[in-house]
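Single-structure report; data block below.
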Amino acid sequence: MATLDVNPEHYSAQLAEKITRLTEMFQPYHVPKLEVFESPKLYYRMRAEFRVWHEGDEMYYVMFNPTTREKYRVNQFPAASRLINDLMPLLIEAMQGNKTLRHKLFQVDFLSTLSGELLVSLIYHRQLDEAWTSEAKKLKQRLNDEGFNLNVIGRARKMKIVLDRDYVVEKLHVNDKAYLYQQVENSFTQPNGKVAEKMLEWAVDCTQESQGDLLELYCGNGNFSLALAQNFDRVLATELAKPSVESAQYNIAANHIDNVQIIRMSAEDFTQAMEGKREFNRLQEAGIALKSYRCNTIFVDPPRAGMDIDTCKMVQGYERILYISCNPETLKENLDILSTTHNITRFALFDQFPYTHHIEAGVMLELIK
């Protein structure tokens, strides 16, 4: 994680620069007025990772300047959630005098939730044994006795020791409804919880009064699938990463949603299946008859590389396209194709990453008639 200059006095100016940059970048596509969703100015990241530095009997968190590699001591990190900041000093203090827990401790990863859960991964340059497990259990109990809802994982080369569970359960509020989401250690989740709620509300608003079914590519843990299900008869969603698919199934059950089906496939493979170029046993085994779906709307939230050309062309076959992008550059490349058949009717900026250059964007496209 790069060192950030988290200064609330600079937030408005930095956000204004992003608004100007995004607006100018997409002006050729005749976009509507930009909808802007701000981030909390402090304590907005639900996860954080720190290296651990050892100097004699002292041990502390550090971060590195990505350009100069200069080391910075970190006692508090105002970009991270309050839960993480509250736990940081207590965790280091609890391990400071414990040779078993601190020996060759290399890194600490924190994952927190708006709902009050914490997961800490302690990463070592040595193999872990029963003595470590015993001391880690005591550490977990001590910190939970101090009021934290905490789980602990130990990691080393080809080792992973989970004391209870390797995930947290987040609760995100979308308008007047709460959704539960399993978030597994080392799996992708939206880092900014409050902005994630705004993104879900925007997506739900964009698809109000929809008809038929929804097709979703790159669904992750079902983050959008579950919230959008209220606007459609059925949702068919695809995701390649196995842990994310498993979390999506957990989340469907936890939220008692019965009109969402997840299939583990890449967007590229699914495109071939939709076009009838290949048959896939996993679709048959899951009892999914693609021709039974009446999908007028497609939702995509691709990785930074965006969608490949074939997927873009497949997506053009839908009346409405809802596109969330973590990389405006590849969104722009995809719009060079999509804008030949669709108009952009909604345009949004979600400030997931304050004090950085990064922009999360959303567009709603409708077929030109």
> When only residues in region 198-224 that are without any contact (Cβ under 8 Å) to a residue 40 or more places away in the chain and under 21 Å from THR113 (Cα atoms) count, which is least open to solvent (accessible area, probe 1.4 Å)?
Replying inline: LEU200
> Which members of region 130-145 meet the condition of being among the hydrophobic types (A, V, I, L, M, F, W, C) and open to solvent by 20 Å² or more (accessible area, probe 1.4 Å)?
Replying inline: ALA131
> Take the residues of region 69-81 that are under 19 Å from the mean Cα position of the chain (by Cα) and not in a strand (DSSP E or B): which is nearest to ASP5 (Cα to Cα)?
Replying inline: ALA79
> Any idea which of (1) open to solvent by 30 Å² or more (accessible area, probe 1.4 Å); (2) within 18 Å of TYR323 (Cα to Cα); (3) aromatic (Phe, Trp, Tyr) is the one TYR250 doesn't satisfy?
Replying inline: (2)
>> For region 340-362, which positions are surrounded by fewer than 19 Cβ atoms within 10 Å (Cβ to Cβ), touching a strand residue (DSSP E or B) at 6+ places or on another chain (Cβ under 9 Å) and not in a strand (DSSP E or B)?
In response: THR341, THR356
> Going by the conditions given, is GLU9 out of contact with any Phe, Trp or Tyr (no Cβ under 6 Å at 6 or more places or on another chain) and touching a residue at least 60 places away in the same chain (Cβ under 8 Å)?
Replying inline: no
> If a residue has to be open to solvent by 40 Å² or more (accessible area, probe 1.4 Å) and more than 16 Å from PHE77 (Cα to Cα) to count, how many in region 26-52 make the cut?
Replying inline: 9
> β-branched (Val, Ile, Thr), at pLDDT 95 or above and open to solvent by less than 40 Å² (accessible area, probe 1.4 Å), is that true of VAL315?
Replying inline: no
> Out of all the residues in region 171-178, is one or more polar (S, T, N, Q) and surrounded by fewer than 22 Cβ atoms within 10 Å (Cβ to Cβ)?
Replying inline: yes
> Is it the case that some residue within region 323-333 is closer than 20 Å to GLY220 by Cα, assigned to a helix (DSSP H, G or I), of a type in the set (A, V, I, L, M) and open to solvent by less than 80 Å² (accessible area, probe 1.4 Å)?
Replying inline: yes
> Are there any pairs with C-beta distances below 6 angstrom linking a residue in region 270-283 that is modelled with pLDDT of 75 or more to a residue that is in a loop (DSSP other than H, G, I, E, B), with the two at least 6 apart or on different chains, and if so which?
Replying inline: GLN272/ARG278; ALA273/PHE280
> Does region 53-66 hold any residues that are surrounded by fewer than 11 Cβ atoms within 10 Å (Cβ to Cβ) and either among the aromatic types (Phe, Trp, Tyr) or within 14 Å of LEU91 (Cα to Cα) (or both), and which are they?
Replying inline: GLU58
> Which numbered condition trips up VAL195, out of (1) buried (at least 18 other Cβ atoms within 10 Å of the Cβ); (2) in contact with a Lys or Arg (Cβ under 9 Å, 6 or more places away or on another chain)?
Replying inline: (2)
> (1) part of a loop (DSSP other than H, G, I, E, B); (2) open to solvent by 30 Å² or more (accessible area, probe 1.4 Å): which one isn't true of ILE257, the others all being true?
Replying inline: (2)
> Can you tell me how many residues in region 67-115 are closer than 20 Å to GLU197 by Cα and open to solvent by 30 Å² or more (accessible area, probe 1.4 Å)?
Replying inline: 4
> Failed condition for TYR250, given (1) closer than 28 Å to ARG126 by Cβ; (2) touching a residue at least 60 places away in the same chain (Cβ under 8 Å); (3) not hydrophobic (A, V, I, L, M, F, W, C), with all others met?
Replying inline: (1)
>> Just to verify a result, which residue in region 146-168, among those that are open to solvent by less than 20 Å² (accessible area, probe 1.4 Å) and out of contact with any Lys or Arg (no Cβ under 7 Å at 6 or more places or on another chain), is nearest to SER115 (Cα to Cα)?
In response: VAL168
> Got a sec? Which of GLU268, GLU279 is open to solvent by 10 Å² or more (accessible area, probe 1.4 Å) and in a loop (DSSP other than H, G, I, E, B)?
Replying inline: GLU279
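The values are calculated or read from the model by the stated rules, or taken from the named source; none is laboratory data. Note that this is a predicted model, so its numbers are computed, not measured. Positions of Cβ are backbone-derived with ideal geometry, glycine not excepted, and every protein chain shown enters the neighbour counts. Please note that ligands, DNA and RNA were not included when accessible areas were found on the heavy atoms of the full protein model with its side chains. Shrake-Rupley method; radii C 1.70, N 1.55, O 1.52, S 1.80 Å.
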